[in-house]
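Quick notes on the structure that follows.
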Amino acid sequence: MKIAFIGGGNMAAALIGGLVGKVAEPANVHVVDLNAEALQSLKTRFGVSIAGAIDGSVASADVVVLAVKPQQMRDVVAQLKPVIGAQLIVSIAAGIRMADISRWLDGHQAVVRAMPNTPALIGRGISGVVACEQVSTLQRAQADSILKAVGETVWVGHEEQLDAVTAISGSGPAYVFYFLEAMEQAALELGLSAAEGLALAKATFAGATELAQRSEEPVSTLRERVTSKGGTTYAALTSMEQSGVKDAIVTALKAAASRSKELGDEFGQA
């Protein structure tokens, strides 16, 4: 499988790092980006071919991965249009809808849209994925193998659901880091050092997440097991409930999903 990446940023680098030597040989991975320094870094690290503009290597690719910012997508697709034949297009840009990519490519229907997240950088990501109806079984498998090179995949039935995926997992790592920051601050105010607090918080998050991954029980049951009535955990969770923490989190995630939809409306116009 020959794969061309349009965009060589962090997420593209994560995907390339997962792909090379497993799903594709370095000679079969091509990267296009305006940033010469980023391109050289990718070439040095992974042995891929590089270019500063869309070229013949993109035209001969089986899969073209669009890894650019939403606001850049329309211009990039316009440059891509002259070299697109039967290739599968995989977009990892937030908000940009498959129908708009297809329209910008004069009706090209082999389009998959995915929302990976930053733990892909260490091979622990997860991607929500959806495909146009016309995408073949082989092309679905190709998209799946690319994304699974850096983690898990969840295929959804309707593109609108990717706004929720963006809110839950695409933006999700930031919520975890935000909570870790809060735990670090609490540790400081309770007399621990920042380093001690952060070490405790990170290990707790990692361990609790692994426990939830391995357990077949609902997370609510796992929570209840460490919450003795009248105990320290009960005091903390009661305070969070009284402060409306859970409702605030749900409202925040809905805001992220709404913004994902807005991006599609904003950058998919005309």
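The single condition among (1) surrounded by fewer than 19 Cβ atoms within 10 Å (Cβ to Cβ); (2) modelled with pLDDT under 95 that residue 18 does not satisfy is (1).
In region 42-49 there is no residue matching the filter, namely being at pLDDT below 95 and either outside any loop (DSSP other than H, G, I, E, B) or of a type outside the set (A, V, I, L, M) (or both). Screening region 21-50 for residues that are surrounded by fewer than 16 Cβ atoms within 10 Å (Cβ to Cβ) and of a type in the set (S, T, N, Q) and picking the one that is farthest from residue 67 (Cα to Cα) gives 44. Among the residues that make up region 234-252, is at least one of them surrounded by 12 or more Cβ atoms within 10 Å (Cβ to Cβ) and basic (Lys, Arg)? Looking through region 234-252, none of the residues is surrounded by 12 or more Cβ atoms within 10 Å (Cβ to Cβ) and basic (Lys, Arg).
Each row is one residue, and each column tells you yes or no for (1) of a type in the set (S, T, N, Q); (2) more than 20 Å from residue 68 (Cα to Cα); (3) surrounded by 22 or more Cβ atoms within 10 Å (Cβ to Cβ).
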| residue | (1), (2), (3) |
| --- | --- |
| 96 | no, no, yes |
| 107 | no, yes, no |
| 117 | yes, no, yes |
| 140 | no, yes, no |
| 158 | no, yes, no |
| 161 | yes, yes, no |
| 181 | no, yes, no |
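A Cβ distance below 8 Å, combined with a sequence gap of six or more or placement on separate chains, defines the contacts here; from region 112-137, residues that are free of Cβ contacts under 8 Å to residues at least 40 places away in the same chain reach residues that are among the basic types (Lys, Arg) in the pairs 112/140; 129/113; 130/113; 131/113; 131/140. Quick one: would you say residue 176 is in a strand (DSSP E or B) and either of a type in the set (A, V, I, L, M) or buried (at least 20 other Cβ atoms within 10 Å of the Cβ) (or both)? No; evaluated as a whole, the condition is false for this residue. Filtering region 17-38 to residues that are over 17 Å from residue 121 (Cα atoms) and either over 23 Å from the mean Cα position of the chain (by Cα) or not in a strand (DSSP E or B) (or both) leaves 25, 26, 27, 28, 33, 34, 35, 36, 37. Residues that are of a type in the set (S, T, N, Q) and touching a His at 6+ places or on another chain (Cβ under 8 Å) within region 60-115 comprise just one, 102.
The values are calculated or read from the model by the stated rules, or taken from the named source; none is laboratory data. None of these values were measured; they are calculated from a predicted model. When we count neighbours, we look across all protein chains shown, and the Cβ atoms used for this are built from the backbone with ideal geometry, even at glycine.
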